[in-house]
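All remarks here apply to the structure that follows.
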Amino acid sequence: MDRLKDKVAIVTGSTSGIGIGIARLFAAEGAKVVICGRREEKGQAVVVRIKSEGGEASYHFMDITSTESIEKLFADTAEKYGKIDILVNNAANVALKDGRVDELTIDMWDNIFQSDMRGTFYATKCVLPYLEKNENGGSIVNIGSMASCSGDLSSTAYACAKAGVDQLTLSTALQYGKQNIRCNCVRPGLIVTPENEAHVPQPVKDIFTSNIMVNRYGCPEDIGHMCVYLASDESSYVTGQIVNVDGGLNSHVPTVAQFRQMNSRTW
């Protein structure tokens, strides 16, 4: 269990949900993991859990909407550990509600972009000088969303912001690949976490499970395993990729679930 041995990894938004799953798997693979977010009590609890599992972790406050907070995160991490090898841009304000184009206000649009696009951009910008110092560069893993794959009935600003994360991934990979800095993006499907399970009604779960190709919805570890691969040296020839981890939800025509109900293959 040493695929990330001696690497220093920052996982933003790792005080809950998918971020915890990523951080725990990173630590299990030997990384020194920086847990960061606004909720110190929850962050420290994650640190305690990782240490109880034999891993190494520390907590650092970070507000994804504050450039000063992001800058301090990287400076303090480099001072503490001497380097930074991996950044996972997971933090996003998923509590922000979204809607149709006619329903959105400028403030709603700006708040979502500040959290989900601007924060990812600035964290990427800030980590680059530290990765450039490494002989072997480093890896940036952005957490996108299947919302960026196609149109939806709502979540307009969120989908647009996450589409921006896709493009940022490609641009970063192109511009810094010759410096051994890789950048990839993971798009989760429906991931049910301890924090959101009570808010995902059964009819919604049924919609997803009828459309995905496997027999379950996702969990944080599903995203974490892909992030481990993309952060490790095993993926040294992989960059500029946008990977769906969604149980196959986006790999088929949109009528599959309905034809299955009809016990038919086609019309």
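The values are calculated or read from the model by the stated rules, or taken from the named source; none is laboratory data. For clarity, every value in this text was computed on a predicted model and none was experimentally measured. Cβ: placed from backbone, ideal geometry, glycine included. Neighbour counts: every protein chain shown.
General remarks:
- Within region 114-226, helices (runs of 4 or more DSSP H) holding 3 or more residues that are of a type in the set (S, T, N, Q) and either over 19 Å from A91 (Cβ atoms) or over 14 Å from the mean Cα position of the chain (by Cα) (or both): 156-176, 202-211
- Candidate set: region 1-23, residues that are touching an Asp or Glu at 6+ places or on another chain (Cβ under 7 Å) and part of a helix (DSSP H, G or I); chosen: the one surrounded by the fewest Cβ atoms within 10 Å (Cβ to Cβ): G17
- Hey, Y237 exposed (fewer than 12 other Cβ atoms within 10 Å of the Cβ), within 30 Å of K133 (Cβ to Cβ) and hydroxyl-bearing (S, T, Y) or not: yes
- Any chance N211 is at pLDDT below 95, surrounded by 18 or more Cβ atoms within 10 Å (Cβ to Cβ) and polar (S, T, N, Q): yes
- Matching option when the condition is out of contact with any helix residue (DSSP H, G or I) (no Cβ under 7 Å at 6 or more places or on another chain) and within 22 Å of G144 (Cβ to Cβ), among G13, G54, G43, G19: G19
- Which numbered condition L73 fails, given (1) touching a residue at least 40 places away in the same chain (Cβ under 8 Å); (2) touching a His at 6+ places or on another chain (Cβ under 8 Å); (3) surrounded by fewer than 22 Cβ atoms within 10 Å (Cβ to Cβ); (4) not polar (S, T, N, Q): (3)
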